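To start, the structure itself, in structure tokens.
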Amino acid sequence: MTENHYYVRPVAGVWHVTWNDSADLIGAYSSQHEAEALAQLLARHMRVQGRKAEVHTFEAEARTPSWGRNRAANQVAVA
């Protein structure tokens with residue numbers, strides 16, 4: 001039985017989804033949540049077909065409320 005691995009990695013401000021650690025990019029997303037959802041969807045599809053599939057996420061995104069990001073950006077701009 002073939003194992004399938006989907007990798008979700010942050011690269012230059014976007015989240016890349018790759019398969020079996022190859023250089024081929026499945027997709028690039030602005031949020032970790034979207035990228036993980038795609039990887040989980042693909043893994044679930046493989047499992048339904050009777051194959052093994054795992055999702056690996058690297059360096060989880062630190063969640064900051066939007067008001068916190070805006071305030072920090074404004075403080076940097078003013079300083």
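The values are calculated or read from the model by the stated rules, or taken from the named source; none is laboratory data. In this text the structure is predicted, and so the values were computed from the model without any measurement. Don't worry about glycine lacking a Cβ; one is built from the backbone with ideal geometry, like all the others, and counts go over all protein chains shown. Please note that ligands, DNA and RNA were not included when accessible areas were found on the heavy atoms of the full protein model with its side chains. Shrake-Rupley method; radii C 1.70, N 1.55, O 1.52, S 1.80 Å.
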Could we say that residue 48 is β-branched (Val, Ile, Thr) and out of contact with any Ser or Thr (no Cβ under 7 Å at 6 or more places or on another chain) here? yes
I'd like the residue in region 5-41 that is open to solvent by 60 Å² or more (accessible area, probe 1.4 Å), charged (D, E, K, R) and in contact with a Ser or Thr (Cβ under 8 Å, 6 or more places away or on another chain) and, out of all such residues, is modelled with the highest pLDDT. 9
Of the residues 44, 63, which single one is open to solvent by 100 Å² or more (accessible area, probe 1.4 Å), more than 10 Å from the chain's Cα centre (by Cα), modelled with pLDDT of 95 or more and not aliphatic (A, V, I, L, M)? 44
